[in-house]
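What follows draws every value from the coordinates through simple rules; no lab data is involved. The shown structure was predicted, so the numbers you read here are calculated from the model rather than taken from an experiment. With ideal geometry, Cβ positions are generated from the backbone for all residues, glycine too; neighbour counts draw on all protein chains shown.
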Amino acid sequence: MRDDDRHPDEDLAKLIRWIQDETGDSGSRIARRIGVASATVNSWLHGTRGGTRGPAKATLQRLAAEYQIPEERVFAAAGRRTPGPLTPDARERLLVLFEELTEEQQRAKEVELRALVEYNRQGGS
């Protein structure tokens, strides 16, 4: 799909409608292609997503990949910052460091990481 223009005020509903216009896919077809329930895509279209968490990272990444849309655009439409890449090497280095912490320090870091993730999910900068 072509994605030549900037989309500064695009929300998830507008992005889904754009996908529908570009591809002719229905909401249920989009849902099947990215592995979510039709009700999920319908809730995005109507702005009735449940809870404050919003779509999962993996769901947004599947939407971007399936429709060949830059992840930055998809995450921005969902009101989220795009997560950075995590190579297998980086994952292993982080795990080695984490395993060196005490149990109490691990719990504290987990709380801190959850807070950062929530901040990013809410579009923090």
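To test your reading of the geometry: what angle, between 0 and 90 degrees and rounded to tens, separates the Cα axis of helix 12-23 from the longest principal axis of the chain?
50
Dipole magnitude of the chain about its Cα centre, charges +1 at Lys/Arg Cβ and -1 at Asp/Glu Cβ only, in debye to the nearest 20?
440
Charges on Cβ only, +1 for Lys and Arg, -1 for Asp and Glu, centred on the Cα centroid of the stretch 16-95; of 76, 28, 55, which one is farthest towards the dipole's positive end?
Farthest towards the positive end: 55.
Once phi is turned into ³J(HN,Hα) by the Karplus curve 6.51 cos²θ - 1.76 cosθ + 1.60 with θ = phi - 60°, what whole-Hz value does each residue of the stretch 89-98 show in order, with x for glycine and proline?
Values per residue, Gly and Pro as x: 4, 5, 4, 5, 4, 5, 5, 4, 5, 4 Hz.
Do any GluC sites (Glu not before Pro) in the stretch 85-125 lie in a DSSP loop with no more than 11 other beta carbon atoms within 10 Å, and if so, which?
100
Using a Förster distance of 41 Å, how high is the FRET efficiency between residue 105 and residue 65, based on the Cβ-Cβ distance and rounded to 0.05?
Given R0 = 41 Å and the Cβ-Cβ separation, E is 0.70.
Could you give the length gained on full extension between residue 93 and residue 37, defined as 0.36 nm per residue of separation minus the Cα-Cα distance, in nm?
Extra length from residue 93 to residue 37 when fully extended: 16.6 nm.
Counting each DSSP H run of 4 or more residues in the chain as -39500 (n - 2.57), what helix-only mean residue ellipticity at 222 nm follows after dividing by all residues, to the nearest 500 deg cm²/dmol?
Working: 7 runs with 76 residues, N = 125.
The helix contribution divided over the chain gives -18500 deg cm²/dmol.
Where does each of 59-71, 14-26 land if you order them by average Cβ count within 10 Å, highest first?
Result, highest mean first: 59-71, 14-26.
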